[in-house]
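Here is the structure we will look at, set down as structure tokens.
Values in this text are rule-based calculations from the coordinates and carry no lab data. Here the structure is a predicted model, which means the values were calculated and not measured. No Cβ is skipped: glycine too gets one built from the backbone with ideal geometry, and neighbour counts run over all protein chains shown.
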């Protein structure tokens, strides 16, 4: 059965008659976060019955969540077929209240959403890879993650979120459903998440990066680079043998970038693997000619991994070198270190506890 979250507003208008009913349903699911058709007071009963019969609405169930001391929340969702996926709700900025009690700045949230059950890429540093690939998520299963986040955290319908497609799975490996979900997210009558607030993080399927650029969706691009030479990158990301660094850089150079934005290069720093100044120099050379920003990420250890978290001193030295050469570089503050925050950790933990 298809989900009510699978459709743009125009697509739903084609299915529901009279077509104004589609806008009413959209309002219920995306503004009021209705979780059943019975909640929709202005929808006639015969249409409710038709919707119940043809379009699933309660497609995700929260089966576990962990909240960090920094405000991050990790969710484990159960799908209709019993498989599970993770979503992470990140508090990027707390509410700021002035001395007079008036809110000066609201909270800022980013949600990392999944696009697949498991993943084909097989990154050696990622727990998601341990479970292998199971299936792609539907458009509705991607979209419903955000709806559930907003409902569970009582987030106002008008409150903007930033979305990053960088949970479980490789978004460009589920290309059609990922692109369609971008369009659903940006519907003005729905969640209305501006496409500039949507970022796709890819391991580097260069042919799909080029295809995505031609779609000109207006979303932001992040590349999970993690290494500056093919030998190390192939160790970390076996898919690099098919889509090497040069092919990725060439595709990125063709990608349309908003004048106010940059392409983000995610660089997972692993102790004694890629944390030296020689690597920083190679990275600088690789990104020459690209409007780039580098995001250094501490490796988040998990039981059984042979990789280690880098020293803070080395991270700062790496950052300072790039900045001194004119390349924008930030160190991502690790979120959720006291919970199962790395991709696949909560799912893996739940599997171990259940077995």
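For the chain, what value does the Rg/Rh ratio take when both radii are computed over Cα atoms and Rh is the Kirkwood radius, given to two decimals? It would help to have the intermediate numbers written out before the result.
Values: Rg = 21.0 Å, Rh = 21.4 Å.
That ratio is 0.98, to two decimals.
Only bridges whose two residues both fall in the chain count here: according to DSSP, what percent of them are antiparallel, nearest 5? Mind showing how you got there, number by number?
Values: 22 of 50 bridges.
Of the beta bridges lying entirely in the chain, close to 45 percent run antiparallel.
So for the chain, averaging the separation of alpha carbon pairs under 8 Å that are six or more residues apart and normalising by length, what relative contact order in percent results? Mind dumping the intermediate values first?
Numbers: 653 pairs, mean separation 54.1, N = 355.
Reported relative contact order: 15 percent.
Translational D (Stokes-Einstein, µm²/s) of region 1-99 at 25 °C and 0.890 mPa s when Rh comes from the Kirkwood sum over C-alpha pairs?
Details: Rh = 15.8 Å.
In µm²/s, the coefficient rounds to 155.
Quick check on region 209-329: what does the Kirkwood estimate of hydrodynamic radius come out to from the alpha carbon pairs, in Å? Numbers along the way, then the final one.
Details: mean 1/r = 0.0662 Å⁻¹.
The answer is 15.1 Å.
Alpha carbon centre of region 118-137 versus region 2-21: separation in Å?
Rounded to whole Å, the Cα centres lie 33 Å apart.
For all pairs of alpha-carbon atoms in region 1-58, what percent lies in each bin of width 10 Å, listed from the first bin to the last filled one?
Percent of pairs per bin, in order: 24, 68, 8.
Take every DSSP beta bridge whose two residues both sit in region 95-203, then give the antiparallel share in percent to the nearest 5.
Details: 5 of 12 bridges.
Around 40 percent antiparallel, to the nearest 5.
Which value at 222 nm does the chain reach when only helices count, each DSSP H run of 4 or more adding -39,500 (n - 2.57), with the total divided by all residues and rounded to the nearest 500 deg cm²/dmol? Mind dumping the intermediate values first?
Numbers: 11 runs with 113 residues, N = 355.
Using -39500 (n - 2.57) per qualifying helix, the result is -9500 deg cm²/dmol.
At a 10 Å Cβ-Cβ cut-off, how would you order 39, 14, fewest neighbours first? It would help to have the intermediate numbers written out before the result.
Details: 39 14, 14 11.
The order, fewest Cβ neighbours first, is 14, 39.
Please compute the length gained on full extension between residue 130 and residue 39, using 0.36 nm multiplied by the number of residues separating them and subtracting their Cα-Cα distance.
28.7 nm
Find how much the distance from residue 105 to residue 258 grows on full extension, using 0.36 nm per residue of separation minus their present alpha carbon separation; answer in nm with one decimal.
Taking 0.36 nm per residue and subtracting the Cα distance, the gain is 52.5 nm.
Mind giving me the nanometre distance, one decimal, between the label points for residue 189 and residue 215, set 7 Å out from Cα along Cα→Cβ?
The modelled label-to-label distance comes out at 2.3 nm.
If I stretch the segment between residue 278 and residue 54 completely, what's the gain in nm (0.36 nm per residue apart, minus their alpha carbon distance), one decimal? Write out the running numbers ahead of the final one.
Values: separation 224, 0.36 × 224 = 80.64 nm, distance 5.80 nm.
Gain in length upon complete extension: 74.8 nm.
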